[in-house]
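Right, one structure below, let's go through it.
The values are calculated or read from the model by the stated rules, or taken from the named source; none is laboratory data. It should be emphasised that the depicted structure is a prediction, and the values quoted were computed from it without experimental measurement. Glycine also receives a Cβ, built like all others from the backbone with ideal geometry; neighbour counts cover every protein chain displayed. To get the accessible areas, we keep the full protein, side chains included, count just its heavy atoms, and leave off ligands, DNA and RNA. Shrake-Rupley method; radii C 1.70, N 1.55, O 1.52, S 1.80 Å.
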Amino acid sequence: MAAVVEEVVVTEVDAPVASDVTFRIRRFIPEFDEEPHWEDYTIALYPTDRVLTALDKIKGELDGTLSFRRSCGHGICGSDAMRINGRNRLACKTLVKDLDIKKPITVEAIKGLPLEKDMIVDMEPFFAAYRQVLPFLIPEGHDPTRERLQSAEDRARFDDTTKCILCAACTTSCPVYWTDGQYFGPAAIVAAHRFIFDSRDSGFEQRLEVLNDKEGVWRCRTTFNCTDACPRGIEVTKAIQEVKRALIFRRV
Amino acid sequence: MSAPSIDAPRSFSGRSMNRRNGQRSNFELYSWLFMRISGIVLVFLVLGHLFIMNILDGGVQRINFAFVAGRWASPFWQVWDLTMLWLAMLHGTNGMRTIINDYAERDQTRFWLKMILYVSAGFIILLGTLVVFTFDPNIG
């Protein structure tokens with residue numbers, strides 16, 4: 001019997017090792033705090049754990065007052081965008097092994113939107129800008145009796161911008177948006193791009209009026225923060241430049 | 001027992017999200033285009049200017065009143081210098097305007113910074129234009 005047990009012993013090299021990771025989280029509870037402050041939490045995590053797992057563990061085991069938005073936990077719903085080590089990312093798509101755990105990992109709310117509590121910001125200004133660019137199909141003429149057909153090439157033109165999950169990581173990484181909340185922000189322009197370059201849509205003139213505004217695409221300084229921040233890998237700055245070109249030549 | 005009253009969350013800056021509707025203006029489009037075009041033209045004008053002034057026969061050592069007077073006797077150099085002055089000033093002013101728009105947070109600060117900018121830019125453009133056109137080589 002003893003010999004059989006020895007055969008199934010797992011070598012220690014293969015087993016994942018949990019190690020202590022310190023999270024430095026920017027806390028703000030409006031009922032108690034005048035100003036946000038940093039607090040450290042140390043928990044044991046596997047390298048394959050996500051930052052979202054860490055936040056769940058901290059909330060469940062260390063401090064139940066920690067607040068953050070989460071929903072699907074798989075990078076689709078766009079609820080858990082936050083600033084991790086100074087970069088906007090989704091907590092559910094950031095693995096511990098990709099971060100330097102020798103130093104505390106900083107986690108804070110996304111910048112540029114009103115802070116409500118801990119990781120939670122007021123998303124209303126973000127969605128107000130989104131609504132302004134008319135993010136829906138504006139067709140022309142009579143409704144067809146069958147589906148609106150489109151060639152594969154026409155579909156490919158706006159394929160990149162259909163991936164947006166409205167997490168606000170791009171808009172809240174934009175330095176122009178930080179200092180001027182009036183700017184539409186990259187996410188709204190991505191939403192506009194999705195429809196402007198759709199061959200079935202004819203709302204270009206209406207969207208143009210919004211995007212050509214003082215606070216429209218011309219405020220973009222092409223710093224590429226948005227492209228770096230996008231958890232879906234959308235080339236946001238490229239999309240903004242394509243909208244600029246369409247505005248200059250008045251042609252999609 | 002009543003629920004604790006919680007103040008509304010702190011709001012972002014004083015300015016609201018409402019936008020001017022119905023006012024169509026292509027100003028930002030043209031200013032964006034102007035920056036690109038004037039930038040390209042200025043590369044040639046300024047580099048050419050620096051080359052002539054600092055490197056060609058003797059460089060800065062030969063520049064004196066007579067040299068300037070000789071150059072401005074030709075309409076070609078008058079046009080060159082005038083174009084360079086206007087493009088550089090407008091390009092720089094427009095750049096400063098966007099920087100003020102990006103970084104000044106209060107409307108009052110924005111307004112006054114832009115006023116200082118426009119007045120000084122206008123002064124330099126007028127003075128420069130005046131000198132290029134009314135330069136008198138026989139002065140003094």
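Checked against the criterion of being at pLDDT 95 or above and more than 9 Å from chain A (Cβ to nearest Cβ), the stretch B:71-80 has no qualifying residue. Among the residues making up the stretch A:177-226, a single one is acidic (Asp, Glu), away from every other protein chain (no Cβ under 14 Å) and open to solvent by 10 Å² or more (accessible area, probe 1.4 Å): A:Asp201. Given the criteria among the basic types (Lys, Arg) and within 22 Å of the chain's Cα centre (by Cα), does A:Arg200 qualify? No; evaluated as a whole, the condition is false for this residue.
Consider the stretch B:8-53 and keep the residues that are more than 7 Å from every other protein chain (Cβ to nearest Cβ), open to solvent by 100 Å² or more (accessible area, probe 1.4 Å) and outside any helix (DSSP H, G or I). The one that is modelled with the highest pLDDT is B:Gln23.
Restricting attention to the stretch A:227-247, which residues are in contact with a Leu (Cβ under 9 Å, 6 or more places away or on another chain), more than 12 Å from chain B (Cβ to nearest Cβ) and more than 15 Å from A:Ala169 (Cα to Cα)? Once the filter is applied, which keeps residues that are in contact with a Leu (Cβ under 9 Å, 6 or more places away or on another chain), more than 12 Å from chain B (Cβ to nearest Cβ) and more than 15 Å from A:Ala169 (Cα to Cα), the stretch A:227-247 yields nothing.
When you scan the stretch A:59-68, do you find a residue that is among the charged types (D, E, K, R) and surrounded by 14 or more Cβ atoms within 10 Å (Cβ to Cβ), even just one? Checked against the condition, which is being among the charged types (D, E, K, R) and surrounded by 14 or more Cβ atoms within 10 Å (Cβ to Cβ), the stretch A:59-68 yields at least one hit. Checking B:Gly95, B:Gly128 one by one, the residue that is open to solvent by less than 50 Å² (accessible area, probe 1.4 Å), within 14 Å of chain A (Cβ to nearest Cβ) and out of contact with any Gly (no Cβ under 8 Å at 6 or more places or on another chain) is B:Gly95 and no other.
Scanning the stretch B:54-84 for residues that are in contact (Cβ under 8 Å) with a residue 24 or more places away in the chain and open to solvent by less than 40 Å² (accessible area, probe 1.4 Å) gives B:Ala69, B:Asp81, B:Leu82, B:Met84. No other residue among A:Ala187, A:Ala156 is modelled with pLDDT of 90 or more and either touching a Cys at 6+ places or on another chain (Cβ under 7 Å) or assigned to a loop (DSSP other than H, G, I, E, B) (or both) apart from A:Ala187. When the residues of the stretch A:130-154 are filtered to those that are free of Cβ contacts under 8 Å to residues at least 24 places away in the same chain and charged (D, E, K, R), the one that is nearest to A:Phe184 (Cα to Cα) is A:Arg131.
If you go through the stretch A:160-184 one residue at a time, how many are among the acidic types (Asp, Glu) and outside any loop (DSSP other than H, G, I, E, B)? So the count comes out to 1. For A:Arg251, the criteria (1) more than 10 Å from every other protein chain (Cβ to nearest Cβ); (2) modelled with pLDDT of 90 or more; (3) open to solvent by 10 Å² or more (accessible area, probe 1.4 Å); (4) under 22 Å from B:Leu29 (Cβ atoms) hold in every case but one, which is (2).
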